[in-house]
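Before any comments, here is the structure.
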Amino acid sequence: MTAVVRGSIGEPVILLPGELRLARLDPDWFDVLKAANVVLNATELQSLRSAMLTFSTRRPDSYVITEGEILAVYRFR
């Protein structure tokens, strides 16, 4: 499961499966951007694109467990 949502204070957040760290040019990012387009405004989409370059090298901000699945939480501005 991958999701782009709003956090508790309205900030954009991306949830990625467990320890998954997508490579910078991974084709799966296209699906993430399509999903994000529904939730985020143009400025936030640009921030997400920039943040995507760091997800493969940075640790998640936190983890959540839902329906037995561990999701890595990344916040971006």
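Read-outs: derived from the displayed coordinates by stated rules, not from any lab. Just so you know, these numbers come straight off a predicted model, no measurement behind them. Methodologically, a virtual Cβ is constructed for each residue, glycine included, from the backbone with ideal geometry; neighbour enumeration extends over all protein chains shown.
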With only Lys, Arg, Asp and Glu charged, each at its Cβ (+1 for the first two, -1 for the last two), find how big the charge dipole of the stretch 3-75 is about the Cα centre; round to the nearest 20 debye.
280 debye
Which whole-number percent is the relative contact order of the stretch 3-75 (Cα, under 8 Å, 6+ apart)?
40 percent
Gained length - SER8 relative to SER50, 0.36 nm times residue gap less alpha-carbon distance
12.9 nm
Approximate spin-label separation PHE30-GLU69, in nm, with each point projected 7 Å along Cα-to-Cβ:
2.1 nm
Distance in Å, no decimals, from the C-alpha centre of the stretch 53-68 to the one of the stretch 1-16 is 11 Å
